[in-house]
């Protein structure tokens, strides 16, 4: 058994929960601006993933509802 198999899997959303609880007081202005920039980049990445998933779901819904009468 590989060592990696023994490590617990990360819990989805755990990193975000840790991030939002972090004390921001020790950060300076530039560090906070960098943090905002990084978070905005992450928001765009999440939006792109969401858009892709919605497109796939819509395509699957269209495929499997083909010929069904409503």
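Since every read-out is calculated from the coordinates, none of them should be taken as a lab result. Bear in mind that the values here come from a model prediction, so they are computed numbers and not experimental data. Cβ sites come from the backbone with ideal geometry, for glycine too, and all protein chains shown count toward neighbours.
A few points about this structure:
- Taking each DSSP H run with n ≥ 4 as -39500 (n - 2.57) and averaging over every residue of the chain yields -22500 deg cm²/dmol at 222 nm.
- Modelled this way, with points 7 Å down the Cα-to-C-beta line, the labels at residue 63 and residue 27 are 4.1 nm from one another.
- Highest-fluctuation residue, 59, 49, 14 considered, GNM on the chain with Cα pairs under 10 Å: 14
- Listed residues 28, 41, 13, most fluctuating in the chain (Gaussian network, C-alpha, under 10 Å): 13
- q = 0.16, 0.22, 0.24, 0.28 Å⁻¹, the chain: log10 I(q)/I(0) [Debye, one scatterer per Cα]: -0.84, -1.02, -1.07, -1.19
- Max mean-square fluctuation residue, GNM over the chain, Cα-Cα springs under 10 Å, options 20, 11, 29: 11
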